[in-house]
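Trainee: What follows is a single structure, and I will ask about it in a moment.
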Amino acid sequence: MGTREDLLAAAKQCLAERGYARTTVRDIVAASGSNLAAINYHFGTRDKLLNQAMMESSAAAVQQILESLSDRAGADPAARLHDFLTRLITSFTENPALWSANVESLAQALHSPELRAEFGSAQAAARTGLAELFGPVEPDSRIGDVLQTMIGGLLVQHLVDPDHAPTAADITTGLRAIAAFLPPTRPRPAP
């Protein structure tokens, strides 16, 4: 690996061990075996390095979940959703430091237009991917909108109070209950 990759690996390690707000440039330098100038040269700032590390770590965790569902491609969408939520919750449980750092970095986006734009782009891609994964043959972006919104709330609940956070079965049962009292759908207006 080169210095840039060493810095990213060290930042990912520090995020997992210390979280976003408590990771210092000294921590990253010590973990990477590089120097402060290397952070500035390759990333400009600590925040840009941490943001890149966070985006890559989160994307890798979600990609691993999606790949684990590849054997369920032909399964009923409700069963795929249940499996996805189960595996997502397992990831929240097994990697709480990663997901805590993810939430911390979202708070940083409130103060950084650049980071806000990066997260906005990543969220849009996630909504599209979720719509394609769980939608009909012609993906409906509203499915991705609902799932992405739900995942954020699920993450926070599992980080704050994992013993009382909803399970995959709770969510799928709740979605069915909500669907039962919604009015019939109308065709989506043309863009």
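The values are calculated or read from the model by the stated rules, or taken from the named source; none is laboratory data. Quantities reported herein were computed from a predicted structural model and do not represent experimental measurements. For neighbour counting, all protein chains shown are included, and Cβ atoms are generated from backbone atoms with ideal geometry for every residue, glycine included. The accessibility values were calculated without ligands, DNA or RNA, using every heavy atom of the protein model including side chains. Shrake-Rupley method; radii C 1.70, N 1.55, O 1.52, S 1.80 Å.
Trainee: In nm, to one decimal, how far is the F181 label point from the D47 one, both placed 7 Å along Cα→Cβ?
Mentor: Result: 4.3 nm between the two label points.
Trainee: Nearest 500 deg cm²/dmol is fine: what mean residue ellipticity at 222 nm does the chain get from its DSSP H runs of n ≥ 4 alone, each adding -39,500 (n - 2.57), divided by its residue count?
Mentor: It comes out at -25000 deg cm²/dmol, rounded to the nearest 500.
Trainee: Taking the Cα-to-Cβ direction at Q63 and at S121 and moving 7 Å from each Cα, how far apart do the two end points lie in nm?
Mentor: 1.6 nm
Trainee: Oh, and also: Would you mind checking the tilt of helix 46-68 against the longest principal axis of the Cα atoms of the chain, expressed as 0 to 90 degrees and rounded to 10?
Mentor: Taking the Cα atoms of the chain, the angle to 46-68 is about 40 degrees.
Trainee: By how many nm would the segment from T3 to V103 grow when fully extended, if each residue of separation counts as 0.36 nm and the alpha-carbon distance is taken off?
Mentor: The span from T3 to V103 would gain 33.3 nm if fully extended.
Trainee: Could you grab the relative contact order for segment 1-147? Cα pairs under 8 Å, six or more apart, rounded to a whole percent.
Mentor: It comes to 22 percent, rounded to a whole number.
Trainee: Another question about this same structure. Using 0.36 nm per residue of separation minus the Cα-Cα distance, give me the extension gain between T24 and T93 in nm, one decimal.
Mentor: Working it through step by step, the gained length comes to 22.3 nm.
Trainee: Further question on the same structure: Roll a 1.4 Å probe over the protein chains and send me the accessible area per residue for segment 1-142 in Å².
Mentor: Here the residues of segment 1-142 average 53 Å² of exposed surface.
Trainee: Anyone know which of L50, L106, L15 comes out most mobile in the 10 Å Cα GNM of the chain?
Mentor: L106
Trainee: Still on this structure, I have one more. Helix 3-18 versus the longest principal axis of the chain: what is the Cα-based angle in degrees, 0 to 90, to the nearest 10?
Mentor: Computed tilt is about 70 degrees.
Trainee: Still on this model: Please report the base-10 log of the normalised intensity I(q)/I(0) for the chain, using a Debye sum with one equal scatterer per alpha carbon and no solvent, at each q in 0.10, 0.17 (1/Å).
Mentor: -0.49, -1.15
Trainee: Starting from 0.36 nm per residue, how many nanometres of slack lie between D161 and T173 once their C-alpha separation is accounted for?
Mentor: Length difference between fully extended and current span is 2.3 nm.
Trainee: Helix 168-181: angle to the longest alpha-carbon principal axis of the chain, degrees 0 to 90, nearest 10?
Mentor: Relative to the chain, helix 168-181 is tipped by roughly 40 degrees.
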